[in-house]
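No lab work stands behind these numbers, since they all come straight from the coordinates. Fair warning: this is a prediction, and the values are worked out from it, not measured in the lab. Positions of Cβ are generated from backbone atoms using ideal geometry, with glycine treated the same way; all protein chains shown enter the neighbour counts.
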Amino acid sequence: MKFQVPFLIALLTVAAAATPIEKRTPKYIAHQVEPYDLPVYDKREESLDFADTGTRYTVDLKIGSSKEKVKVIIDSASWRLNIPGSGGKCINTHTCPVDGIFHPEESNTFHNLSIFTKSYYGRGQTIVSAFKVTDDFFFDNGDKIPQFQFDLANATTFERGFFGIRRYSDQNASYVYAAKNAGLVDHAGFSLYLGNQQDKSGKLLVGAIDTAKYEGELALFNKTDYTIQPKSITTGDGEVIQFTRPVNLDSGNPRLSLDRHIVDAIYKEVGANEQGVAPCDNVLNGNKSLKFDLGEITVNVPYSRLYSRQLNNPNCCTGVIVDTYSTGSEQNLGIQFIEQIYLASSFESDTFGIAPVKHTDESNIVDFWF
């Protein structure tokens, strides 16, 4: 989910795809990535401005002297960590998930900076109200990031805390930079593999890349705001639709937000109504997919990840392809797209790379070479 921030989007030029250079095993941090199914009330909540897949991807963080485990949603399009505190509310008025709350009163290393902050996401309707705080973040081997700055929320429109991992200029509040400054990783960067939902095989690596988890070579792009200019999208029936504007890669967004002419073409092909609901026979039969031509690589997103059967009407499928209203006119490729790629981002070279994902138990973890 992307912050609502005014800025000019610079179109990115694809750099030459690169092959990793053999180096020593780097120092890195590995977080297991797990799919998280939303509670029922989240799925019908309109305040999020989302059409909903019911799934997010999370990691666990150990916070404070109590080493309290807190589950947060990974978000590649924002740059701060926000976590509900004791008594905090999620989805505006609901009780937050028990495993998603941090209790600062149980940590003797907690410090409240007494700075109130509000963060706005999407078109500004999704809001986190919080105080800036610091505490130690621990790892299983005893290492820690000392006094990492994050936002302790008393109210959030989200269903739980959001873990923004995008590059951020304030290194005290950037998880990747803080890990590098604490000497826990060699390189300020991360890579993300969402894995298979069935076996919870996903990994967030800070400071390293797993070259076994993608096909071919990474296509490299300058800048680390994860904005790209695709060439075209090909529908399941073969219609080629040109992109005229950039898109953002957003692991916190549960849908694909695309320009109206693209949405209309897809809806027409699958026989969807104005709400994006289509006959399941049109979208779940035949192994159809959307093909995104990014220039250096092509990424396929199966229709089976874009549509799901309605519980009360199993012949109708709800889709997650929508226009850009909820994102403030920005095109976003959300969870369903991120599932199909490996994403690596170097904060030091201001470069990110993507490649089609490869689901495998094999692993080859190397240092950044870009």
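Brief remarks on what is shown
- Three-way shape call for segment 245-370 based on the alpha-carbon gyration tensor, with the a/c threshold at 1.5: prolate
- Principal semi-axes in Å for the chain [√(5λ), Cα gyration tensor, largest first]: 32, 26, 18
- Rg and Dmax, both from the Cα atoms of segment 179-317 and both in Å, are 17.9, 55.
- Remark: relative contact order (segment 120-198) = 23 percent; criterion is Cα-Cα distance under 8 angstrom and separation of 6 or more residues.
- Max mean-square fluctuation residue, GNM over the chain, Cα-Cα springs under 10 Å, options 236, 87, 164: 87
- Sorted by Cβ neighbour density within 10 Å, fewest at the top, the residues 352, 243: 243, 352
- Gained length - residue 67 relative to residue 95, 0.36 nm times residue gap less alpha-carbon distance: 7.9 nm
- Phi angles of segment 55-63 translate, via the Karplus equation with coefficients 6.51, -1.76, 1.60 and θ = phi - 60°, into HN-Hα couplings of 10, 10, 10, 10, 10, 9, 10, 9, 10 Hz per residue; Gly and Pro are given as x.
- In terms of surrounding Cβ atoms within a 10 Å radius of their Cβ, 316, 90 rank from fewest to most as 316, 90.
- Residue exposure sequence - 362, 274 - by fewest surrounding Cβ within 10 Å: 274, 362
- Look at the alpha carbon pairs under 8 Å that are at least 6 residues apart: their mean separation over the length of segment 81-125 gives a relative contact order of 30 percent.
- FRET efficiency, residue 298 to residue 117 (Cβ-Cβ, R0 35 Å, nearest 0.05): 0.30
- Phi-derived couplings, Karplus 6.51 cos²θ - 1.76 cosθ + 1.60 at θ = phi - 60°, listed residue by residue for segment 104-113: x, 5, 9, 10, 8, 10, 6, 9, 8, 7 Hz, with x used for Gly and Pro.
- Amide H to amide H, with H built 1.01 Å from N, residue 28 comes under 5 Å of no residue 5 or more places away or on another chain.
- When you restrict to C-alpha pairs under 8 Å that are six or more residues apart and normalise by the size of segment 72-158, the relative contact order lands at 35 percent.
- Long-range amide H partners of residue 290 with built H, under 5 Å: 301, 303
- Converting phi to 3J(HN,Hα) with the Karplus coefficients 6.51, -1.76 and 1.60 and the offset θ = phi - 60°, segment 147-157 yields 6, 6, 8, 8, 9, 8, 8, 9, 7, 9, 7 Hz in sequence order, with x at every glycine or proline.
- Spatially, segment 128-156 and segment 215-288 are offset by 35 Å when compared through their Cα centroids.
- Semi-axis lengths (Å, descending) of the ellipsoid that matches the C-alpha gyration tensor of segment 76-200: 23, 19, 16
- Pairwise centroid distance, computed over Cα atoms, of segment 56-117 with segment 345-370, Å: 28 Å
- Using the rule -39500 (n - 2.57) for each DSSP H run of four or more residues, divided by the residues of the chain, the 222 nm mean residue ellipticity is -2000 deg cm²/dmol.
- Residues whose amide H lies under 5 Å from that of residue 101, counting only those 5 or more places away or on a different chain, are 71; hydrogens are built 1.01 Å from N in the peptide plane.
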